[in-house]
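Chemist: Would you mind keeping the following structure in view while I ask a few things?
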Amino acid sequence: MQSFVRPTPMTDRLYEYVLSVGVREPEAFRALREETGRLPEGEWQIAPEQGPFFAMLVQLMGAKDCLEVGTFTGYSAAWVASVLPPGGRLVCCEINETYAAVARKHWEAAGVAGRIDLRVGPAADTLAELLAAGRAGTFDYAFIDADKGRYDLYYERCLELVRPGGLVAIDNTLWDGKVADPAVADEDTAAIRALNEKVFRDRRVSVSFLPFADGLTLARKESGG
């Protein structure tokens, strides 16, 4: 096998170091992250270092209209909303009202609630409503982190909704390493594996696959995509 420079193995000590020098986390965001971490589903939350990464992406793009598919308790949304310019808006899709209530509480505390349009219901329905409302090609940035079996649908809808030059970010594309194990064939793993292969071959986008957290794929929509 050909030798490549690989990511540095992330030991617990090294990870604590990364967080200590790499994440300037506002107190309100930390409170949200810690409350979420106490939930039975706390592992669904993005990694702390992903928050400022998404925020910086949005800033570098000059993004104003953003979309999130699968908001959970709102940690990633808080980071994105915090850097939106005047008039900027983040549309969030979340199916669970309990999680949405946690998000609303902490967004208010963080002072970002006014920039977020939270839509509670099936994400597929919300995305269809946005398209029916004429929002195709109007979003700058979209983030997908919802039910894995529908990742392909969410990718296609987000690709319709973002403008040429816009970005679709897809979380969990390493899926704890299961995507590389042919012996693992459950529905979620198969869906992520299929989407990874599809995006790699999709000439409508340019792509960067980052072995970051649980895997993050960035797909930039090309002109005519």
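Chemist: Over the stretch 103-173, what lengths in whole Å, largest first, do the semi-axes of the equivalent ellipsoid take, defined as the square roots of 5 times the eigenvalues of the alpha-carbon gyration tensor? Intermediate values should be presented prior to the final figure.
Modeler: Details: eigenvalues 90, 47, 35 Å².
One finds semi-axes of 21, 15, 13 Å for the stretch 103-173.
Chemist: Could you give each residue of the stretch 24-29 its phi-based ³J(HN,Hα) in whole Hz, using Karplus coefficients 6.51, -1.76, 1.60 with θ = phi - 60°, and x for Gly or Pro?
Modeler: Along the stretch 24-29, the couplings run 8, 8, x, 4, 5, 6 Hz.
Chemist: How would Val5, Val58 rank on accessible area, largest to smallest, probe 1.4 Å?
Modeler: Values: Val5 145, Val58 0 Å².
Putting Val5, Val58 in descending order of accessible area: Val5, Val58.
Chemist: So what are the radius of gyration and Dmax for the Cα set of the stretch 70-189, in Å?
Modeler: When restricted to Cα atoms, the stretch 70-189 yields Rg and Dmax of 15.1, 49 Å.
Chemist: Still on this model: Quick one: if you stick a label point 7 Å off each Cα along the C-beta vector at Asp152 and Trp44, how many nm between them?
Modeler: A separation of 2.3 nm, rounded to one decimal place.
Chemist: Going by accessible area, probe 1.4 Å, with all protein chains left in place, what is the ranking of Glu197, Glu94, largest first? Provide the component values of the computation, followed by the final result.
Modeler: On the way: Glu197 95, Glu94 15 Å².
Largest accessible area first, the list is Glu197, Glu94.
Chemist: With every protein chain left in place, what is the accessible area of Phe4 in Å² (1.4 Å probe, nearest 10)?
Modeler: 130
Chemist: Let me ask another. For the stretch 130-200 and the stretch 7-36, write down the distance between their C-alpha centroids in whole Å.
Modeler: The two parts, judged by their Cα centres, are 25 Å apart.
Chemist: Still on this structure, please answer the following. List the equivalent ellipsoid semi-axes of the chain in whole Å, largest first, each obtained as the square root of 5λ for an eigenvalue λ of the Cα gyration tensor. Walk me through the numbers on the way to the answer.
Modeler: Details: eigenvalues 122, 108, 61 Å².
In descending order, the three semi-axes are 25, 23, 18 Å.
Chemist: When a/c reaches 1.5 or more, the comparison of a/b and b/c decides; with that in mind, is the stretch 125-225 rounded, prolate or oblate per its Cα gyration tensor? The partial results should precede the final answer.
Modeler: Working: a/c = 2.26, a/b = 1.64, b/c = 1.38.
It comes out prolate by the Cα gyration axes.
Chemist: Ordering Ser206, Ser20, Ser76, Ser223 by how much accessible area each has at a 1.4 Å probe, largest first, what is the list? Please report the intermediate quantities before stating the final value.
Modeler: Working: Ser206 45, Ser20 85, Ser76 10, Ser223 110 Å².
Ranking Ser206, Ser20, Ser76, Ser223 by accessible area, largest first, yields Ser223, Ser20, Ser206, Ser76.
Chemist: Which three lengths, in whole Å and largest first, does the stretch 173-225 cover when its Cα atoms are put on their principal axes?
Modeler: The principal-axis extents, from largest down, are 38, 20, 13 Å.
Chemist: Further question on the same structure: For the stretch 1-102, state the semi-axes of the equivalent ellipsoid (square roots of 5 times the eigenvalues of the alpha-carbon gyration tensor), sorted largest first and rounded to whole angstrom. Write down the numbers at each step before the final one.
Modeler: Details: eigenvalues 130, 74, 41 Å².
Rounded to whole Å, the semi-axes are 26, 19, 14.
Chemist: Any idea what the alpha-carbon Rg over 2.2 N^0.38 Å comes to for the stretch 1-58?
Modeler: Numbers: Rg = 14.4 Å, N = 58, 2.2 N^0.38 = 10.3 Å.
Relative to the rule-of-thumb radius for its length, the stretch 1-58 sits at 1.40.
Chemist: Still on this model: Under a 1.4 Å probe, what is the accessible area of the chain per residue, stated in Å²?
Modeler: Working: 11440 Å² over 225 residues.
Dividing the accessible area of the chain by its residue count gives 51 Å².
Chemist: Under 8 Å for C-alpha pairs, at least 6 residues apart: give me the relative contact order for the chain, rounded to a whole percent. Each step should come with its number before you reach the end.
Modeler: On the way: 367 pairs, mean separation 34.6, N = 225.
The normalised contact order for the chain reaches 15 percent.
Chemist: Can I ask one more? Taking every Cα atom in the stretch 75-139, find the radius of gyration and the maximum pairwise distance Dmax, and write them in Å.
Modeler: 12.2, 33
The values are calculated or read from the model by the stated rules, or taken from the named source; none is laboratory data. Computed from a predicted structure; not experimentally measured. Ideal geometry is used to build each Cβ from the backbone, glycine not excepted, and the neighbour counts take in all protein chains shown. Only protein heavy atoms, including side chains, enter the accessible area calculation; ligands, DNA and RNA are left aside. Shrake-Rupley method; radii C 1.70, N 1.55, O 1.52, S 1.80 Å.
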